[in-house]
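Throughout, read-outs are computed from the coordinates displayed, never taken from laboratory work. What you see is a predicted model, and the numbers here were worked out from it, not measured in a lab. Glycine gets a Cβ as well: all are built from the backbone with ideal geometry, and neighbour counts include every protein chain shown.
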Amino acid sequence: MKNFQIKKGFLSIATILVVMLTLIPDMTRGSSKSEPIKVGALVPLTGFAVEDGKQYSRALNLAFEEIGWKIGDRKIELIIEDDAYNATIAVQKVKKLFYNDKVKIVIGPEANASALAIHSFIRDNRILTINLMASADQLNTGDNFVKNWFRVSHCKQIANVAGYASYKKGYQKATTVVPDFAPGYDEAAGFKKVFEKMGGKVLQEIRIPLGSIDMVPYLVKIDTNANVIYAFFFGEDAPRFIKQYGEYGLSKRIPLLASGSTVDLPYLKAHGEAALGVESAYFYCENLPIPEMMKFRKAFVEKNKVDVSYAAEAGYMAAQVLISALRAGKGNAEDIDGLISAIEKTDFASTRGRFRFGPEHNPIQDYYLRKVEKVDGRLENFVKEIYPNIYQDWTP
C-alpha cells in the first residue's frame, strides 16, 4: 500500500513537470512583448557614399532619442550595419541581422544594387523594410511587389519634375549628364520622357563613370546647341561635377538644372561659387518654411554640430514612418501584418509637407524647384516653386 502511494505521488509530480514544460514556449512568447524592439539599419559607413552613411546614422539616432528610445514600455535597440555601398556585403549583413540578431525590421539600404540584392530575402522572410534612397522602379513594381517593403525617397519623380520644370522655364533643347550606372540611366530616361512629352528635345545623354576624378573629357562632348543641362550626381562625384562644370566655363553658357542630390547642402561649401544660381528638383529642402523641417534641422544641428543633408532627412523620415506604425500597434513589433497596415495608412505632416504612400508603397509627396542662393555668406537651397502630390508614375 505504501509503495502504491509513493508511485502515485511520483506520477503526480511528473505530470506537473510535463504541464510546466508544455507551457514554457507560451510563457516565452508572452515575455517577448517586454523585450527590446530590434531595428536593423543597412547604411554605407565605408566606401563610395560614406558621408551619407554617417548622416543616416545620425538621423536615426536623433529620431529614436526624441522618443526616449521607447515605444510604450518597450525599449528600442538600433543595430547599424555597414553595407559599404556593396550588394554582396548588403546580403551578408541583412542575413546577419536576421539570423544572428533576430531582427525583423530593417531600415535601408541606400544603393540600388544592394536593395535589389536583398529584395528576395526580405520577401521570403517577411522582414519589414523601410528603404532609404534606392530609386529603381523594379524594386516594388508588378510581379516584384512585396507587401512588407516601403520606400521613403523616390523612383523617377525627381527627373520627371525636372523635365517638366525645364520645359516650363522655356528650355527647348537639353543634354542629360549622369553617372554610368543604372540609377543614372533611370534619371536620364525620366527627364527625357517628360521633357519630350512637353515638346522639348533631348539632344544627347552623357554618362560619366562613378568616381571619375577628371570629368572634363566627358564635359567637352556636351552639344553647344543645348540650352539646359540636366545633371544627376551624388556623393563625392557631386562637388567634382559642379566645380569642373564651372571651371570649364559651361556654367556661363548653359544653365544647369540638377537633381537635388547634386547640390545637397553639405557639398555647397565644396562647390563654392560654381553652385550659385544652380536650380534643382527635389522632394526636400533644408529651408522649407514649415514647422516640421525647421524643428528637425535645429535639433539635428544642435546634436551633431553638422548641417542636414538629403541622407539625414531620409533617415529621419524612415524612422518617423516606423515610429508612427509602432505607436499605432502599441509597440507590438512582432505583428508584421499590423505594422504593414499601419504604414499603408500613413498620412502625416512631415519635414517635406504632407506624406503618404501609394499602392506600390512609394511616397506621394510634394516636390520643389529650388535655387542655390547666398544668404549671410552661406550658400543654401531655397524653394522657388512647389509641385504638389507627386506620385510614382506622375507625368504632367
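Evaluated with a Cβ-only charge set (Lys, Arg +1; Asp, Glu -1), the stretch 206-252 carries a dipole of roughly 80 debye about its Cα centre, given to the nearest 20. About its Cα centre, the dipole of the chain is roughly 920 debye, where the only charges are +1 on Lys and Arg Cβ and -1 on Asp and Glu Cβ. Across the stretch 278-297, the residues whose backbone nitrogen lies under 13 Å from the label position 7 Å along the beta-carbon direction of Lys374 are 278. Checked against a 32 Å cut-off, the cross-linked pairs Lys75/Lys295; Lys93/Lys197; Lys102/Lys330; Lys156/Lys330; Lys192/Lys303 give Cα-Cα distances beyond that limit for Lys93/Lys197; Lys156/Lys330; Lys192/Lys303. Per the Cα gyration tensor, the stretch 295-396 maps to an equivalent ellipsoid with semi-axes of 29, 20, 9 Å, ordered largest to smallest. Altogether, the Stokes-Einstein calculation at 10 °C and 1.306 mPa s, with the Kirkwood radius of the stretch 211-273 over Cα pairs as Rh, returns a diffusion coefficient of 134 µm²/s. Counted residue by residue at 0.36 nm each, then reduced by the alpha carbon distance between them, the extension gain from Glu344 to Arg253 reaches 28.1 nm. Ordering Gln365, Ile336, Gly53 by the projection of their Cα atoms onto the charge dipole of the chain, which places +1 on the Cβ of Lys and Arg and -1 on the Cβ of Asp and Glu, puts Ile336 at the extreme positive end.
Positive-end ranking of Ile127, Ile89, Ala113 along the dipole of the stretch 81-133, with charges on Cβ about the Cα centre, is headed by Ile127. Listed values [x] 1.14; [y] 1.11; [z] 0.95 include one computed from this model; for Rg/Rh (Cα atoms, Kirkwood Rh) that value carries the label [y]. Between Gln172 and Asp335, the simple label model (points 7 Å from Cα in the Cβ direction) yields a spacing of 6.1 nm.
Considering only beta bridges that DSSP places wholly inside the stretch 282-396, some 95 percent are antiparallel.
Amide H contacts under 5 Å for Val278: Val372, restricted to partners 5 or more places along the chain or on a different chain, H placed in the peptide plane at 1.01 Å from N. Taking amide H atoms as placed 1.01 Å from N in the peptide plane, the amide H of Ile208 lies under 5 Å from those of Val178, Asp180, each 5 or more residues away in sequence or on another chain. Averaging over all projection directions, the Cα-based convex hull of the stretch 349-389 occupies 3.6 nm² in the image plane. Placing +1 on the Cβ of every Lys and Arg and -1 on the Cβ of every Asp and Glu, with nothing else charged, gives the stretch 302-377 a dipole about its Cα centre of roughly 260 debye.
The alpha-carbon atoms of the stretch 79-179, seen along their principal axes, cover 56, 27, 20 angstrom, with the largest extent given first. Once the convex hull of all Cα atoms in the stretch 256-337 is built, its volume per residue stands at 129 Å³.
Candidate cross-link partners of Lys96 among the aspartates and glutamates, defined by an alpha-carbon separation under 12 Å and a same-chain spacing of 8 or more, comprise Glu81, Asp82, Asp83. For the stretch 196-300, the ratio of Cα radius of gyration to the globular rule of thumb 2.2 N^0.38 Å stands at 1.18. Of the residues Val375, Val228, Val194, the one that moves most in a GNM of the chain with alpha-carbon contacts below 10 Å is Val375.
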